[in-house]
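To keep things clear, I will list the structure first and then write my remarks on it.
The values are calculated or read from the model by the stated rules, or taken from the named source; none is laboratory data. Nothing here was measured: the structure is a model prediction, and the numbers come from that model. Glycine gets a Cβ as well: all are built from the backbone with ideal geometry, and neighbour counts include every protein chain shown. These area figures cover heavy atoms from the full protein model, side chains too; ligands, DNA and RNA do not enter into them. Shrake-Rupley method; radii C 1.70, N 1.55, O 1.52, S 1.80 Å.
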Amino acid sequence: MQQLEFQTNTISEKIHDDVVQIQFNPRQQKHLETLIARYTERTKTSKQLAQKYRPVFANNRGSVGFNLLFKEMFYPILTERSLGSRMWDVDGNEYIDLTGGYGIHLCGYNPPFIKKAISEQLEYGIQTGPQAALAGEVAELISELTGMERVTFCSVGTEAMMLALRVARAATNRSKIVLFSGSYHGIFDGTLVKAEGTDGNPRGVPEYPGVTQNVAEDVLVLEYGSPQSLEIIKVHEQELAAVLVEPVQQHRLGFQPKAFIQQLRQLTKALGIPLIFDEMNTGFRIHPGGAQAWFGVEADIATYGKIVGGGMPLAAVAGKAIYMDRIDGGMWNYGDMSSPDVPITWSGTSYCRHSLSLAAARALLQYLKMQGATLQEQLNQRTSDFIVRMNAYFEVEKLPMQLSNFGSFFNVNLSETSALLKEPTFFIGLRLIFNHMIDRGVLMPKSDGFLSQAHTEEDIDFIIQAVKDSVHELREGGFLNT
């Protein structure tokens, strides 16, 4: 089956374009009105607060994917507490959560060992400015788990990506980078770039307003997994400071091109081009050593975030010393004439080695070290079993959709060839599944989801039943009929 990624905003844009042409029959109209009334009553405080603060709070979660059909249900669910696999919203509703902090909470929400570490650190205070004592130990743990030689810290993933590219450019004295269509590397201008046209031209152009063409000129955007991309890299080898890879693209989890990744590693190594792995989602989730260990490659530089902070804001850049020495000038010793001898580039922010974040990270990394690969192996298998059960249900029900996963990260895909997807009301039914699931106590507001160590078999049974009940009610209401 050919796959087309199921992204809420893409579907919503299609619905928005066709909104004036859509005519609901009385059965469908009644279903939609009933759902809106029920949903907005259940989550009324979230809606009230979204409206109250909209004049002052510029919040993209209140606008991305907007469409008039669902306007009355278009607001983020506001949560006020969490534990394990559960969240509770401001109206007191309990949910089994599948957002996972967008990949952060591998061990579930508020695990006792991380809560203890943060509480203990709070007793000592929050020190910024002087070096936090935990920084070296946390760097050592990251190095041990990932195999990377040297590590430095950032506050968030986007900052880590900016620094990784700066380090690569400093080390190579080149300016251009390669990234791949469909990848996501944070909100840095230098990676918010798309390919111009569809003729294989690698020239980059701004993907969003506010990104300048001057920035985009330094980016070649290639097709991921294509042999032609390897040939283009060869042509531009003298210009390239780095090739940046999201090993398994977060909106394309079913595409896991191991052979291409290995060929890319061989090529970049032969050409002397740094290979950067964006391990924001894959780092520590698919394997303790991340996607590099999973695919059997060794990147020159890798960026980590999300899981590594144990729920606190923390990211890291790690890599070979020949590149990471650009952070501090390289190795030297006391008691002799050695000194930093590598020209450095600038790095560091006020919060990049925050004591609370480092305390949480140490607790999390020690826990992962103790667990070995068992944690990931068991969670990966549980997720795969969940995917098999869901896909079997979709097949029986003749729904043109499937779940794909990479470890415990999963998303929804649609069959590109299904005639059903040409019907606007069918798309609307797919979009409404998320609202139905929220109404039934499963929080998955987008088409990406994560399972954590805290999710139980009972949780998974509940999720599957919520999907089945949602589909059944939508069909009773005149949607999703095959």
Next item on the list: Please give the number of the condition Pro55 fails out of (1) in a loop (DSSP other than H, G, I, E, B); (2) at pLDDT below 90.
Entry: (2)
Next item on the list: Go through (1) out of contact with any Asp or Glu (no Cβ under 7 Å at 6 or more places or on another chain); (2) open to solvent by less than 30 Å² (accessible area, probe 1.4 Å) and name the single condition Ile177 misses.
Entry: (1)
Notebook entry, point to check: Within the bounds of segment 173-189, is there any residue that is under 27 Å from Val342 (Cβ atoms), more than 20 Å from the chain's Cα centre (by Cα) and among the basic types (Lys, Arg)?
Noted result: yes
Note to self: Please go through (1) under 16 Å from Ala302 (Cα atoms); (2) modelled with pLDDT under 95; (3) of a type in the set (Lys, Arg) for Arg252 and return the number of the only condition it doesn't satisfy.
What the structure shows: (1)
Check: Restricting to segment 23-50, what's the tally of residues that are closer than 12 Å to Tyr75 by Cα and open to solvent by 70 Å² or more (accessible area, probe 1.4 Å)?
Finding: 2
Checklist line | Pairs with Cβ under 7 Å, 6+ apart, first in segment 295-306 and farther than 15 Å from Ala160 by Cα and touching a residue at least 24 places away in the same chain (Cβ under 8 Å), second of a type in the set (A, V, I, L, M, F, W, C) and part of a helix (DSSP H, G or I) | finding: Phe295/Ile261; Val297/Ile261
Margin query: I want to confirm something. Restricting to segment 224-236 and keeping residues that are surrounded by 15 or more Cβ atoms within 10 Å (Cβ to Cβ) and of a type outside the set (Gly, Ala, Ser), which single residue is nearest to Pro202 (Cα to Cα)?
Written below: Ile232
Checklist line | Given (1) at pLDDT 95 or above; (2) outside any helix (DSSP H, G or I); (3) on the phi < 0 side of the Ramachandran plot, index of the condition Leu230 fails | finding: (2)
Check: Taking segment 121-153, which residues are among the β-branched types (Val, Ile, Thr) and farther than 24 Å from Thr282 by Cα?
Finding: Ile126, Thr128
Note to self: If a residue counts only when it is modelled with pLDDT of 95 or more, more than 20 Å from the chain's Cα centre (by Cα) and surrounded by fewer than 16 Cβ atoms within 10 Å (Cβ to Cβ), which strands (runs of 3 or more DSSP E) contained entirely in segment 59-114 have at least 2 such residues?
What the structure shows: 79-83
Notebook entry, point to check: Only one of (1) touching a residue at least 60 places away in the same chain (Cβ under 8 Å); (2) of a type in the set (A, V, I, L, M); (3) open to solvent by 40 Å² or more (accessible area, probe 1.4 Å) fails for Ile187. Which number is that?
Noted result: (1)
Margin query: Need the failing condition index for Gln266 against (1) closer than 21 Å to Glu223 by Cβ; (2) in contact with a Phe, Trp or Tyr (Cβ under 7 Å, 6 or more places away or on another chain); (3) of a type in the set (S, T, N, Q), just the number.
Written below: (2)
Notebook entry, point to check: In this structure, is Leu244 closer than 15 Å to Leu275 by Cα and either among the acidic types (Asp, Glu) or in a strand (DSSP E or B) (or both)?
Noted result: yes
Notebook entry, point to check: Within segment 122-140, how many residues are farther than 12 Å from Ala316 by Cα and open to solvent by less than 30 Å² (accessible area, probe 1.4 Å)?
Noted result: 3
Check: Which of the residues spanning segment 299-352 are hydroxyl-bearing (Ser, Thr, Tyr) and within 15 Å of Gly283 (Cβ to Cβ)?
Finding: Thr303, Tyr304
Notebook entry, point to check: Got a number for residues in segment 117-162 being assigned to a loop (DSSP other than H, G, I, E, B) and farther than 19 Å from Gly305 by Cβ?
Noted result: 9
